[in-house]
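The values are calculated or read from the model by the stated rules, or taken from the named source; none is laboratory data. All of these numbers come straight from a predicted model, not from anything done at the bench. Every residue, glycine as well, gets a Cβ built from its backbone with ideal geometry; the counts of neighbours run over all protein chains shown.
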Amino acid sequence: MQTFFTINLKQQIFISLFFAYLCSNNILSASEQISTPSVIPPGFDAVKTTKGVTLYQKNTEYVQIVDLSKGASVKLLNGDITNAGKKQGAYGGDDPQMQRQTLNQAWLNLNSSNPNAFCITNGQFFSTNSQPATNLAFPVKVNGKVISDGYAGESEYPTEKLMLEINSDRADITTFNGRSSLYSSAAPNLIVGLHENADKSINKEVGRTFVGVKDRDSNGTYETVLIFNSTAATQAHATETLRSFGADKVIMLDGGGSTQLICEGESYITSPRTIPQMLGVVSAPKPH
């Protein structure tokens, strides 16, 4: 009887220790699988979300979170080229004139070719004349081809240009050093913009379109693109908002009356201004 009791006691202790071990391992495993939660600043609410993308809103400010690692994408779009401007660009390439469009027309085009179209907003700076077609200020590269060198070159903001480089699963924002940067970048898609402190009515509360990149899991790759739009913000506020969402780097695109935003067919920021170049966001494909 004593022996039987001792064996049972030993078995119970062993079983208890074994289950404790399993539980601790499961807890560790679970904690390792949980990614760092997204940083959502106070006042922002998710108003639209689908696979790999979310739109947050706070009053008249909007931030899109685009996770390239989950299959979402950022596309660089433009109106039809009406004049190729061959070899007339600032860096020896082309400086084409592009048809200006309403953002609604650009959205319809994006939506018709991408069933998972999520949002569209304005992009590159351009010559704001009254003509139906116009030239881009700074370079844009689409699907491996530089479609425009831009007309500005080093005559505008020579030391304050940055470029947003977009790959299928990652992005980056780096210093733009003219022709050498433009034609040596391995990224299939890129758009050149300005440093957050380049003076574009820096302290005025006007329309702003800024983009940030974020390394969510701290593995050295910026898999998340963040797009900020506001009807009235200073440059510092636009930058601070993106950084509050976790952006590691920030670039400024066109703003003022150009800033516009449509998501899933719904207009969030409107403007009568037509624009030649846009950023389209497409959610990840849904499983069949």
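A few notes on this one:
- Within region 71-101, the set of residues being under 25 Å from Ile227 (Cβ atoms) and of a type in the set (D, E, K, R) comprises Lys75, Asp80, Arg100.
- Search result, residues across region 50-68 that are buried (at least 22 other Cβ atoms within 10 Å of the Cβ) and of a type in the set (Val, Ile, Thr): Val53, Val63, Ile65, Val66
- The residue list Pro41, Pro37 contains one member that is at pLDDT below 95, under 23 Å from the mean Cα position of the chain (by Cα), part of a loop (DSSP other than H, G, I, E, B) and farther than 22 Å from Ile166 by Cα, which is Pro37.
- Inter-residue pairs, beta-carbon under 7 Å, first in a strand (DSSP E or B) and in region 254-274, second of a type in the set (S, T, N, Q), 6+ apart: Leu261/Thr121; Leu261/Asn229; Ile262/Asn104; Ile269/Asn229; Ile269/Thr231; Ile269/Thr259; Ile269/Gln260
- Of the residues examined, Gly246 is not one that is crowded, with 18+ Cβ neighbours inside 10 Å, within 18 Å of the chain's Cα centre (by Cα), part of a strand (DSSP E or B) and of a type in the set (Gly, Ala, Ser).
- Residue match in region 227-235 (condition: in contact with a helix residue (DSSP H, G or I) (Cβ under 7 Å, 6 or more places away or on another chain), in contact (Cβ under 8 Å) with a residue 24 or more places away in the chain and within 20 Å of Leu164 (Cα to Cα)): yes
- Filtered by the rule that a residue be charged (D, E, K, R) and out of contact with any Lys or Arg (no Cβ under 6 Å at 6 or more places or on another chain), region 209-247 gives Lys214, Asp215, Arg216, Asp217, Glu240, Arg243.
- Region 188-213, residues that are touching a Gly at 6+ places or on another chain (Cβ under 6 Å) and either part of a loop (DSSP other than H, G, I, E, B) or hydroxyl-bearing (Ser, Thr, Tyr) (or both): Pro188, Thr209
- Residue count, region 178-197 (criterion: touching a helix residue (DSSP H, G or I) at 6+ places or on another chain (Cβ under 8 Å), more than 12 Å from Asp149 (Cα to Cα) and surrounded by 15 or more Cβ atoms within 10 Å (Cβ to Cβ)): 1
- The single condition among (1) over 24 Å from Asn109 (Cα atoms); (2) buried (at least 23 other Cβ atoms within 10 Å of the Cβ) that Thr221 does not satisfy is (2).
- Subset of region 203-256 (residues that are modelled with pLDDT under 95 and either among the acidic types (Asp, Glu) or in contact with a strand residue (DSSP E or B) (Cβ under 9 Å, 6 or more places away or on another chain) (or both)): Arg216, Asp217
- Of the criteria (1) closer than 19 Å to Phe118 by Cβ; (2) assigned by TED's automatic domain parsing to the domain that holds Gly79; (3) part of a loop (DSSP other than H, G, I, E, B), which one Gly220 fails: (1)
- Any hit, region 174-187, residues being in contact with an Asp or Glu (Cβ under 6 Å, 6 or more places away or on another chain), outside any strand (DSSP E or B), closer than 22 Å to Lys70 by Cβ and aliphatic (A, V, I, L, M): yes
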